[in-house]
């Protein structure tokens, strides 16, 4: 399908990965089709992430729709209004700590919301063709996480064939949504693909996540909280590399297949925080020992998986994807972004953005 024939519904497009993906299409690939960004603008959805995109492409190639993926009537109207032929489903409640404190919203958004999107796509696409969905025209791509696989020991990797073993309400809700997507492929022939990615980092990430939290706490002289002994290991993926992988799957991936997307970049949490201290020090001129003294070990969270590591040979060999950003390059770019976007950070942390949302969207 050529660029100008894509009519893409991107759910959660105002969030961290979704907004970076929209930027990637317009700024890196000169996308000329239609993008509809459906977002209910919860605490982590920020329209400021896409201000320049909206001003440049609004009502030509880019459209924003405020709404909840659990609102079936609204989802159906968007499919019909824009004649959607591709869905890229980023929208999700995604913070493990929040899922431990309040799992209900994770089940609602990640499971029920995914079901509604799948069912609307199946219903409308089948009806429009008056026959089984044509996978040359339509595609539904579901974004998931490596956390559905559970926890690894000191060796081994997650493969696409690794049995699911989720350990938190968040990962359990994502595992359920993955299984729903697979069920709609096998039962209804809905043309789905799935990707399971490792930890993303980069610009526009909400400050509750590890890397931006550490950067911003350093700049404010606040403690740098590290769970347990800091030896938990994660694989880190620069967000733009994730975006390029998703587009590879959309355009070249095989229907019904799952693709793991990893950074092949394993770091213990404590080593990552120490490396961030060194990078922030080099950019601010403040002694790195000052930042490292801020490191504080805190009580481990319940069900904290020991290690995640993704094998992504499949997407490399079948689709020709490759990471393009080294970890040091990505961390440096990320630190620079937070240093140069202090107003964005202030608006998010101060509550000013929330006030704007309530005035313009939430209570309208």
When only residues in the range 159-170 that are more than 17 Å from residue 259 (Cα to Cα) and surrounded by 16 or more Cβ atoms within 10 Å (Cβ to Cβ) count, which is nearest to the chain's Cα centre (by Cα)? 170
Filtered residue count, the range 163-218, keeping only those that are in contact with a strand residue (DSSP E or B) (Cβ under 9 Å, 6 or more places away or on another chain) and either under 13 Å from residue 334 (Cβ atoms) or not in a strand (DSSP E or B) (or both): 26
Has the range 52-63 got any residue that is buried (at least 17 other Cβ atoms within 10 Å of the Cβ) and touching a residue at least 40 places away in the same chain (Cβ under 8 Å)? yes
For the structure I just gave you, tell me whether residue 307 is at pLDDT below 95 and surrounded by 15 or more Cβ atoms within 10 Å (Cβ to Cβ). yes
Out of everything in the range 310-340 that is in a loop (DSSP other than H, G, I, E, B) and on the phi < 0 side of the Ramachandran plot, what residue ends up being surrounded by the most Cβ atoms within 10 Å (Cβ to Cβ)? 312
Does residue 344 satisfy the criteria of being touching a helix residue (DSSP H, G or I) at 6+ places or on another chain (Cβ under 7 Å), farther than 30 Å from residue 193 by Cβ and at pLDDT below 95? yes
Of the conditions (1) in contact with a helix residue (DSSP H, G or I) (Cβ under 8 Å, 6 or more places away or on another chain); (2) free of Cβ contacts under 8 Å to residues at least 60 places away in the same chain; (3) more than 29 Å from residue 254 (Cα to Cα), the single one that residue 155 does not satisfy is (1)
Sole exception among (1) under 16 Å from residue 96 (Cα atoms); (2) touching a residue at least 24 places away in the same chain (Cβ under 8 Å); (3) in contact with a helix residue (DSSP H, G or I) (Cβ under 7 Å, 6 or more places away or on another chain) for residue 166, by number: (2)
Single residue of the range 136-158 satisfying the filter (assigned to a loop (DSSP other than H, G, I, E, B) and within 20 Å of residue 192 (Cα to Cα)) that is nearest to the chain's Cα centre (by Cα): 138
Quick check on my filter: what residues within the range 32-58 are over 19 Å from the mean Cα position of the chain (by Cα) and under 24 Å from residue 120 (Cβ atoms)? 33, 34
When you scan the range 17-51, how many residues do you find that are crowded, with 20+ Cβ neighbours inside 10 Å and within 27 Å of residue 76 (Cβ to Cβ)? 21
Which of the residues spanning the range 26-45 are within 25 Å of residue 94 (Cα to Cα) and touching a strand residue (DSSP E or B) at 6+ places or on another chain (Cβ under 9 Å)? 35, 36, 37, 38, 39, 40, 41, 45
Where the second residue is surrounded by 18 or more Cβ atoms within 10 Å (Cβ to Cβ) and part of a loop (DSSP other than H, G, I, E, B) and the first is in contact (Cβ under 8 Å) with a residue 24 or more places away in the chain and at positive phi and lies in the range 200-222, which pairs have Cβ atoms under 9 Å and are six or more apart or on separate chains? 202/325; 204/15; 204/46
Inside the range 269-302, can you point out the residues that are touching a residue at least 12 places away in the same chain (Cβ under 8 Å), surrounded by 15 or more Cβ atoms within 10 Å (Cβ to Cβ) and not in a helix (DSSP H, G or I)? 294, 295
With respect to residue 69, determine if the residue is under 15 Å from the mean Cα position of the chain (by Cα) and either modelled with pLDDT of 95 or more or farther than 25 Å from residue 113 by Cβ (or both). no
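The values are calculated or read from the model by the stated rules, or taken from the named source; none is laboratory data. All figures in this text were calculated on a predicted structure; none of them were measured in a lab. We place every Cβ from the backbone using ideal geometry, glycine too, and count neighbours over all the protein chains shown.
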